[in-house]
Every structure is written in structure tokens, then in C-alpha cells.
Amino acid sequence: MSPFWPVEEEEDVDLIDNLAERAMRSGRRVGLVVGYVAGGEEWVRGYGRCGTGAHDRPDRGTIFEIGSVTKVFTGLLLADLAEYGIVGLDDPLARYLPASAAVPTSGGREITLADLASHTSGLRRDPKGMLGRWLGDRHNPYAALSAEDVYEGLARTRLRRRPGERVRYSNLGAGLLGQALARAAGQPYEQLVRERIGLPLEMHETFVTPSTEQAARLAVGHTRRGRPVGRFELPALAGAGALRSTAPDMLRFLAANLDPASTPLAAQLVRIQRPRHRLCRGMDVGLGWLIVRPRGPARAMLWHNGGTNGFRSFVCVVRDGGVAVVVLSNTARSVDRLGLRVVRALATGAG
């Protein structure tokens, strides 16, 4: 991950168009949507196609799988439930799972909810047994994974490190956090997202399961080689990457992170942006967000990316400059470089 830094020359929408068109050509992508908020203005534009056999260009209404960007929403759910005393950040995970689920410990330390959100639980990246599932269905390996399968593998898991000591990215941990929060609140994960984030922030197009009308607006995902793939399903670990959304909805979320005080979730948004652990030189981890803190004149930024078997996503917030960027693609090729270039292109105009 390269740090954010401002550019000297003035760059505008024409340059962003050029960057997106170049990314389409060089990356063999089927389609993508780029959006930003800068100086209080919102801009969204689509490129390419919604599917290999389609001629319609993706736009503001096109729905994409956002993959691991979901984890930022899961972190915000944790902060929200903690704000209302439903859970505590330092509550042990085991308190919110079935009694039959054996949660590993290390050095006398239990895994807490905050450990899961900041990737310091010590858990492996994915549940045990996923290699066999990948070999059986490489396009949708999590579809048949049940909560019971997750708990069975959890009982056989040994932590390599004491929880809270070191960042180790974990889809398993984020998925378990989503389960724990749903059990604590007595509501399914998707309902929690809609009621506790979607309604307050006026995001009505961020969900796990589409309605009939929304299903008609889903972009078709594609492999790196441009082959269509089916919808990605993550029923047991929804908090790790199951959400779908549109560019305007993502910009509403990013705009809320730019100015938490203007939203009903002010304290919660501030909390997820607070650094909790160091990932590497110049980068920290919050409750879901990755936080770049470069040296010199460059501005700090919040960011995350995501990917499923047919989609890639990138989101970034530069609070100091009033800039937020989203890139959503229906091809399994990284859009991080494009996203960073758009951020740089907006830097001068943001001051």
C-alpha cells in the first residue's frame, strides 16, 4: 500500500476519466464505477459494461459486491452496540457464541470483540477446512459453510499468538464478530446493518440479500480472465465480506466518516477511526479501518479494499482534505492503484 501524497499540478475530472479509461484498457476489466466527494461536491461515473454480454454501462444504480469493505461496517456495528451498552469492546467473544462453541485462548487471554475488529485475535485468516472447499468450488467456497462448520473448526484451532498482541488479518475473526453482534442484538447481521447504519446514514442500497428490483441492477462478476461468475455467498461469515452496495451509498458512508459530527453516529464513527494497533511502519488499524499515517506533508487517510471471486472495491477517506473516493469493479482485478491515483488527482483541489 502506497501512502497518500499531494500532487503539484492541477488535476480534474478529465484526468480522472483518463485514469479510469486507462485502467479499463490495461486491466482487461469488464466494468467499473468511480465516485468521489471533494469540496462538498459529489461525482460518480461508470465505465465499461455491467456484464460481458451486456451493452449497458454501470452507473449510480449499479450494485456491486464490496467484499472486505464490509469489515468497516462490522466495526461500526461494534462501536454502535458498544455506544448503547449492548456489548463492550473488551467483552470476550465466547460470551456471545453458543456454549458449545469452544473459543481458543492463549497466555490466559481471551479473544475480545475489539480484537476481532482490529485483527489482533490471533485467529487464522480463514476457517479450518477451507482448502478443501476451495478445491471443490473455487468460485463460491463459502456458500455451503455453516456456523456449525465454523465452530467445529474453531474448536481445533490453536492461537499462534496471545490475543491483542499483533495484527494478523482474519476473515474468520471478522465473520465471528458479525455472528457475535447479531446474537447480542437478537437480529440477523443484515438487519443490524440496515437499521443501525443504513437508516441513520440514509443508505438504502447496502445489503446482503437483494430484493427482486435490486437483483435486476446487480452487476455480473467476472474472473481475472473475464469469465462470468455467480453471486458470492458468505452465509456463516457475513461480517467479513457479504455486503453489496452502490457507489452513491458508499459515498454517503464515506462522507459520514469525513464529518462524523454531522451524523447521528458521530461518537461511533470517531471511535472506529481511532488507531488501536500498529500494522507496519506508517500504518495502523482501527475498528475496521486501516489508517495510513505518512511522514512529511502527506495527509493521513482511512482506507480499505475488498474482493470476491468476481469483484474488487476500494474506499478511502482523507479527513484533513475533505476528500473521499470509491472505486467498484465487476472484475477480479485490483483497483487499489486506480483509487490512489484518483485520490492524488483530487489532492490539490482539496487544498
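The values are calculated or read from the model by the stated rules, or taken from the named source; none is laboratory data. All values reported here derive from a predicted model rather than from experimental measurement. Note that each Cβ is placed from the backbone with ideal geometry, even for glycine, and that neighbours are counted across all protein chains shown. Accessible surface areas use protein heavy atoms only, side chains included; no ligands, DNA or RNA. Shrake-Rupley method; radii C 1.70, N 1.55, O 1.52, S 1.80 Å.
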Looking only at the stretch 49-73, how many residues end up being without any contact (Cβ under 8 Å) to a residue 40 or more places away in the chain and either basic (Lys, Arg) or surrounded by 18 or more Cβ atoms within 10 Å (Cβ to Cβ) (or both)? 2
Considering the stretch 271-291 alone, what residues qualify as being touching a residue at least 40 places away in the same chain (Cβ under 8 Å), part of a loop (DSSP other than H, G, I, E, B) and open to solvent by 60 Å² or more (accessible area, probe 1.4 Å)? 276
Counted residues in the stretch 102-116 being open to solvent by less than 10 Å² (accessible area, probe 1.4 Å) and either assigned to a loop (DSSP other than H, G, I, E, B) or in contact with a His (Cβ under 8 Å, 6 or more places away or on another chain) (or both) come to 1
Quick check on residue 182: is it closer than 18 Å to residue 63 by Cα and either acidic (Asp, Glu) or in contact with a Pro (Cβ under 9 Å, 6 or more places away or on another chain) (or both)? no
If you go through the stretch 78-94 one residue at a time, how many are touching a helix residue (DSSP H, G or I) at 6+ places or on another chain (Cβ under 7 Å) and assigned to a loop (DSSP other than H, G, I, E, B)? 6
Of (1) in a loop (DSSP other than H, G, I, E, B); (2) in contact with a Gly (Cβ under 6 Å, 6 or more places away or on another chain), residue 239 satisfies all except one. Which? (1)
Boolean, residue 75 is in a strand (DSSP E or B), in contact with a Leu (Cβ under 6 Å, 6 or more places away or on another chain), within 22 Å of residue 289 (Cα to Cα) and at pLDDT 95 or above: no
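Here is a yes/no grid of residues against (1) open to solvent by less than 40 Å² (accessible area, probe 1.4 Å); (2) modelled with pLDDT of 95 or more; (3) basic (Lys, Arg); (4) out of contact with any His (no Cβ under 7 Å at 6 or more places or on another chain):
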{"position": "184", "(1), (2), (3), (4)": "yes, yes, no, yes"}
{"position": "191", "(1), (2), (3), (4)": "no, yes, no, yes"}
{"position": "198", "(1), (2), (3), (4)": "yes, yes, no, no"}
{"position": "205", "(1), (2), (3), (4)": "no, yes, no, yes"}
{"position": "208", "(1), (2), (3), (4)": "yes, yes, no, yes"}
{"position": "224", "(1), (2), (3), (4)": "no, no, yes, yes"}
{"position": "254", "(1), (2), (3), (4)": "yes, yes, no, yes"}
{"position": "257", "(1), (2), (3), (4)": "yes, yes, no, yes"}
{"position": "264", "(1), (2), (3), (4)": "no, yes, no, yes"}
With the condition being closer than 22 Å to residue 308 by Cβ, under 17 Å from the mean Cα position of the chain (by Cα) and not hydroxyl-bearing (Ser, Thr, Tyr), I'd like the helices (runs of 4 or more DSSP H) fully within the stretch 117-206 carrying at least 2 qualifying residues. 171-185, 189-193
Quick one: in the stretch 307-320, which of the residues that are surrounded by fewer than 23 Cβ atoms within 10 Å (Cβ to Cβ) and in contact (Cβ under 8 Å) with a residue 60 or more places away in the chain is nearest to residue 223 (Cα to Cα)? 309
